[in-house]
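Inspection log for the structure reproduced underneath, given as structure tokens.
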Amino acid sequence: MSDDCIFCSIVAGELPSHTVYETEETLAFLDANPLAPGHVLVIPKAHHERLDELPEELASTVLETLYQLVSPVETAVEADGTTVAFNNGSAAGQEVPHVHGHIIPRFESDDGGPIHAVAGSPPNLSDDELETIADTIADRT
Ligand code: 5GP
Ligand code: ZN
């Protein structure tokens, strides 16, 4: 637990939350400032700042909890779909430095955008540049 972390305080029961699902290692609760009714956050109970800092097994467990919740969230609020995403790091808009996945219910008429709308100025990359980037990523896996 990190002493000054809001989500750790929720896990510890020191701050209230509208819990919707809990496992030994994960917790899911309503977002306090929802982008849609039924906007849920899924967190590991252990404090880790970024997705890539999670131990591998815990990362799988967090995904499992997201998977378990997508259908209940959609049916509960009669959504047409969901955007499921992580803001990973402050450059990506992560404000609470405790890993959390968002499940945001989406409606045909909600005037929202796809995940492609998050980038400021998308680059126009040549096939060679794409190949170089793909190789560089592959070298690091
Ligand atoms: P981020 O921008 O870090 O990906 O998202 C953080 C989310 O946490 C925001 O959607 C925000 O509304 C939510 N949030 C911040 N503080 C609290 C809180 O104390 N309780 C709950 N339930 N959600 C919070
Ligand atoms: Zn924390």
| field | Of all residues in segment 33-59 being surrounded by fewer than 18 Cβ atoms within 10 Å (Cβ to Cβ) and under 16 Å from Pro105 (Cβ atoms), the one that is farthest from ligand 2 (Cβ to nearest atom) | value | Pro37
| task | Within segment 30-49, identify whether any single residue is under 30 Å from Thr141 (Cβ atoms), outside any loop (DSSP other than H, G, I, E, B) and away from ligand 1 (no atom under 11 Å from the Cβ), and answer yes or no. | result | yes
| task | Looking at (1) in contact with a Gly (Cβ under 9 Å, 6 or more places away or on another chain); (2) in a loop (DSSP other than H, G, I, E, B); (3) surrounded by 17 or more Cβ atoms within 10 Å (Cβ to Cβ); (4) among the aliphatic types (A, V, I, L, M), find the lone condition where Val99 falls short. | result | (1)
| Of residues in segment 72-87 being away from ligand 1 (no atom under 16 Å from the Cβ) and not in a strand (DSSP E or B), the one least open to solvent (accessible area, probe 1.4 Å) | Ala79
| Pick from segment 1-10 the residues that are more than 7 Å from ligand 2 (Cβ to nearest atom) and within 16 Å of Gly101 (Cα to Cα): which of them is least open to solvent (accessible area, probe 1.4 Å)? | Ile10
| task | Identify, from the list Pro114, Pro105, Pro123, the residue that is away from ligand 2 (no atom under 16 Å from the Cβ) and over 17 Å from the mean Cα position of the chain (by Cα). | result | Pro123
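The values are calculated or read from the model by the stated rules, or taken from the named source; none is laboratory data. Note that this is a predicted model, so its numbers are computed, not measured. Because the Cβ atoms are built from the backbone with ideal geometry, glycine has one as well, and the counts that use them run over all protein chains shown. Ligands, DNA and RNA are excluded from the accessible area calculation, which covers all protein heavy atoms including side chains. Shrake-Rupley method; radii C 1.70, N 1.55, O 1.52, S 1.80 Å.
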